[in-house]
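The values are calculated or read from the model by the stated rules, or taken from the named source; none is laboratory data. Since the model is a prediction, treat every value here as computed from it, not as a measurement. Cβ placement follows ideal geometry from the backbone for every residue including glycine, while neighbour counts extend to all protein chains displayed. Just so you know, the surface numbers come from the protein's heavy atoms only, side chains and all, with ligands and any DNA or RNA stripped out. Shrake-Rupley method; radii C 1.70, N 1.55, O 1.52, S 1.80 Å.
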Amino acid sequence: MIEGVADGASGVARFAGGPLADDPARRRATAVGGYSTTAVLSSLIGVTTAAWQVGVLRSLAWAARGIRGPSRNALLADIAPPSAYGRAYGFERAMDNLGAIGGPLLAIGLVALVGVRKAILISFIPGALAAGAILVAIRLAPKLAQREHRPIKVQVRPVLRGRLGPLMFGITAFELANVAATLLILRTTELIAPGHDYSRTAVLLYAGYNLAATLIAVPAGQLTDRRGATIVLVLGAVMFTAAFAGFAFARASIPLLALLFVLAGVGIGVGETAQSAAVAAFAPAELRGSAFGLVAAVQAFANLAASVVAGALWRAVSPEAAFLYLAGWSILAAIAFAVSMRARG
């Protein structure tokens with residue numbers, strides 16, 4: 001319940017953070033404040049004495065994490081030249097995924113050395129370093145001209161009427177297929193270790209998923225800069241389709257399952273990179289924050305829907321039905337991206 005509430009708070013905050021990020025001055029303050037607040041609130045979980053306290057701090061921390069996202073992405077677009085948007089967001093995605101691999105490993109070592117509570121308190125340090133990195137990024141950003149602040153206003157229709165609008169159906173379909181990786185681990189465990197709650201092999205394969213997403217992000221960004229974001233989005237959706245169709249029909253073959261995890265990791269690494277680059281390139285500069293906020297909110301709630309519906313299909317029908325459902329959304333995403341690319345061409 002705590003994780004569900006926190007994820008919901010993050011999704012709402014991402015959308016709300018969009019209008020804040022439309023103003024260049026405000027987006028800088030929001031980015032620094034969001035990273036700092038997340039670091040403080042997350043580390044304070046180490047001194048809690050009741051579950052409700054954890055829930056409050058986790059939800060507030062994830063709300064701060066959500067609200068900073070559009071500002072960080074818009075700030076990155078301020079710093080990087082348009083010809084390098086793909087590489088910039090690919091590098092950001094690669095570092096994010098690398099943190100997802102290294103963070104838990106570091107936490108395991110810290111817990112063994114100092115215990116759970118102190119390890120959570122120590123997590124303030126990397127959080128503070130992240131806030132410091134944003135301050136450095138602001139120094140590298142173009143100097144702001146003297147002008148009035150823009151009003152805080154939710155702007156969805158102007159974003160959808162622009163060049164980004166035709167891509168939104170494809171992005172939504174892609175995210176409705178972007179199920180939590182837990183489902184991939186459960187499917188693998190069911191195939192190679194039936195009757196067990198989890199398999200060490202499945203967890204190792206999940207590490208391969210994260211590694212694939214990390215390694216592909218920068219090359220995907222380079223391809224985005226050369227060929228455009230839309231063709232890269234098509235490739236990501238095709239990778240998702242192959243992975244989920246494979247999980248639907250796979251048998252207890254570790255090499256095959258490893259390949260499917262890699263395909264899914266490549267799909268998410270390629271897709272996330274191209275989506276961010278597309279927003280930066282296609283959204284009007286004055287609405288870039290709102291565009292990032294809208295896409296981030298779609299990602300959050302579509303991902304939640306993907307996991308809920310696929311999990312329900314797994315229990316009510318079969319695992320095969322769940323993964324075919326995800327493959328269906330992936331196919332629709334690939335078609336939508338291809339149609340958008342053709343219309344733009």
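Extension gain for the segment M1 to I254, taken as residue separation times 0.36 nm less the Cα-Cα distance, is 87.8 nm to one decimal. Probing with 1.4 Å while keeping every protein chain in the model, the per residue accessible area of the stretch 95-183 equals 65 Å². The charge dipole of the stretch 57-104, taken about its Cα centre with unit charges on the Cβ of Lys, Arg, Asp and Glu (plus for the first two, minus for the last two), comes to roughly 140 debye.
Sorted on the mean count of surrounding Cβ atoms within 10 Å across their residues, most packed first, peptides 232-242, 113-123 read 232-242, 113-123.
Classify the chain as rounded, prolate or oblate, taking a ≥ b ≥ c as the square roots of the eigenvalues of its Cα gyration tensor: rounded when a/c is under 1.5, otherwise prolate if a/b is larger than b/c and oblate if not.
Oblate, since a/c reaches 1.5 and b/c is not below a/b.
Hydrophobic, long helices, defined as DSSP H runs whose alpha-carbon span along the helix axis is 20 Å or greater and whose mean Kyte-Doolittle value is at least 1.0, occur in the chain at 124-140, 229-249, 254-282, 288-316, 319-344.
Each peptide among 40-51, 160-171 gets the average number of other Cβ atoms lying within 10 Å of its residues, and from highest to lowest they stand as 160-171, 40-51.
Apolar share of the accessible surface for the stretch 17-133: 76 percent from carbon plus sulfur atoms, 1.4 Å probe.
In this calculation the C-beta distance from M95 to R139 is compared with R0 = 25 Å, giving a FRET efficiency of 0.85. Peptide packing for 180-191, 211-222 was compared via the average number of neighbouring C-beta atoms within 10 Å per residue; ordered from the highest value, the list is 211-222, 180-191. The length gained on full extension between A50 and L129, counted as 0.36 nm times the residue separation minus their Cα-Cα distance, comes to 25.6 nm.
The relative contact order of the chain comes to 28 percent, based on Cα pairs under 8 Å that sit 6 or more residues apart. Reported to the nearest whole Å, the Cα centre-to-centre distance from the stretch 320-335 to the stretch 295-309 is 15. Segment V116..R161, full-extension length gain: 11.3 nm, with 0.36 nm per residue of separation and the alpha-carbon distance subtracted.
Measure out, as a whole number of angstrom, how far apart the alpha-carbon centroids of the stretch 225-264 and the stretch 78-127 sit. With the stretch 225-264 and the stretch 78-127 each reduced to a Cα centre, they are spaced 25 Å.
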